[in-house]
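Okay, so here's the structure we're looking at.
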Amino acid sequence: MAVKPASIAPLVATLLSLPAIAHGQDAWRFQGVIYGYLPTVSGETAFSDGSDDDGGVGVDADAILENLEFAFMGSFAASKGPWGAFADVVYADIGATKSGTRAVTIGGGRIPVDASAKVEYDLRGWCWTAVGTYAVAEREHASLQAVAGVRMLDLAQDVAWRVSGNVDSIPVDAREGTSGSSLENWDAVVGARGRVTFGSEDRWFLPYYVDLGAGDSSFTWQAVGGLGYTLGWGDVLAAWRHVDYDMNPRNDIESVTFSGPAVGVAFRW
């Protein structure tokens with residue numbers, strides 16, 4: 001999902017043209033959000049197959065993964081005047097077993113057309129974002145904050161495979177096996193977050209967050225958008241979150257994407 005600068009400019013101009021609301025310079029404001037998150041996961045990973053072939057075994061995660069065992073997402077924000085901080089964390093434990101699949105490569109090439117594999121695949125990981133924020137615009141019906149900080153991705157993957165059928169062209173020690181792969185990536189990110197309110201007493205709102213960056217990764221970006229409703233004690237909201245990573249070539253894990261809906265409650269104090 002590409003975000004074009006031309007589509008952002010009118011929103012920024014609208015926010016900056018609205019009447020300003022004075023900041024409470026001496027008062028700290030806090031917000032905590034707890035979500036239920038149901039992402040789909042896709043990506044590609046190269047595992048060592050135990051053979052002398054440097055190509056190893058490759059797995060297309062989006063063709064294997066079907067079962068979400070557990071996912072959690074939460075965030076915390078604090079601000080005083082125009083300055084603040086924002087952090088969120090996602091944890092996911094996802095696994096699947098698939099028989100008769102050809103979504104694997106051995107030695108850099110696909111298995112023969114008259115062969116197939118049984119693959120048991122498991123993915124566990126944390127994605128943690130921590131940024132400082134600055135209120136570029138805070139108006140009657142909208143807010144815009146610039147953000148800058150870091151995002152850490154900690155992933156561990158395990159795979160077990162067994163190829164059957166026409167396996168004559170596959171080295172004996174690569175026809176079945178188990179392997180694992182992991183990484184810990186730190187990336188610098190910049191972006192924006194905020195909300196637009198509407199409806200009776202401005203109880204309805206559209207929250208948004210977007211960032212992009214690089215570091216240990218070649219490139220990473222994420223975007224969150226949704227719909228919420230304000231109550232006396234806090235907010236209830238539904239959102240869609242997409243996190244995308246393109247890893248450096250030296251990593252066994254070549255790419256990974258988390259994308260899906262989330263439903264949460266927010267508490268303010």
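The values are calculated or read from the model by the stated rules, or taken from the named source; none is laboratory data. None of the values given here were measured: they were computed from a predicted structure. Heads up, the Cβs are rebuilt from the backbone with ideal geometry, glycines too, and the neighbour counts pull from every protein chain shown.
Looking across the range 245-269, the residues that are in contact with a Pro (Cβ under 7 Å, 6 or more places away or on another chain) and under 19 Å from residue 152 (Cα atoms) come down to 258, 259. If the condition is being surrounded by 18 or more Cβ atoms within 10 Å (Cβ to Cβ), closer than 16 Å to residue 260 by Cβ and small (Gly, Ala, Ser), then the range 210-229 contributes 223, 226. Would you confirm whether or not the range 123-131 contains a residue that is surrounded by fewer than 20 Cβ atoms within 10 Å (Cβ to Cβ), within 21 Å of residue 41 (Cα to Cα) and of a type outside the set (A, V, I, L, M, F, W, C)? Yes, the range 123-131 contains at least one residue that is surrounded by fewer than 20 Cβ atoms within 10 Å (Cβ to Cβ), within 21 Å of residue 41 (Cα to Cα) and of a type outside the set (A, V, I, L, M, F, W, C).
For the residues 243, 196, 189, the requirement of being surrounded by fewer than 19 Cβ atoms within 10 Å (Cβ to Cβ) and part of a strand (DSSP E or B) singles out 196.
Of all the numbered requirements in (1) among the β-branched types (Val, Ile, Thr); (2) at pLDDT below 95; (3) out of contact with any Gly (no Cβ under 7 Å at 6 or more places or on another chain); (4) in a strand (DSSP E or B), residue 105 misses one, and that requirement is (3). For residue 166, the conditions (1) at negative phi; (2) surrounded by 14 or more Cβ atoms within 10 Å (Cβ to Cβ) are fulfilled apart from (2).
Okay, residues lined up against (1) of a type in the set (Phe, Trp, Tyr); (2) in contact with a Gly (Cβ under 7 Å, 6 or more places away or on another chain):
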| position | (1), (2) |
| --- | --- |
| 167 | no, no |
| 178 | no, no |
| 205 | yes, yes |
| 208 | yes, yes |
| 221 | yes, no |
| 240 | yes, yes |
| 248 | no, no |
| 251 | no, no |
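Scanning the range 160-181 for residues that are part of a strand (DSSP E or B) and in contact (Cβ under 8 Å) with a residue 60 or more places away in the chain yields 161, 177, 179, 180, 181.
Kindly indicate whether residue 154 is surrounded by 15 or more Cβ atoms within 10 Å (Cβ to Cβ) and in contact with a Lys or Arg (Cβ under 6 Å, 6 or more places away or on another chain). So residue 154 does not fit the description; no. For residues that are not in a strand (DSSP E or B) and not polar (S, T, N, Q), scanning just the range 246-267, find the one that is surrounded by the most Cβ atoms within 10 Å (Cβ to Cβ). Going through the qualifying residues, I end up with 252.
The residue that is modelled with the lowest pLDDT, among those in the range 108-117 that are part of a loop (DSSP other than H, G, I, E, B), of a type outside the set (A, V, I, L, M) and loosely packed, with under 14 Cβ neighbours inside 10 Å, is 108.
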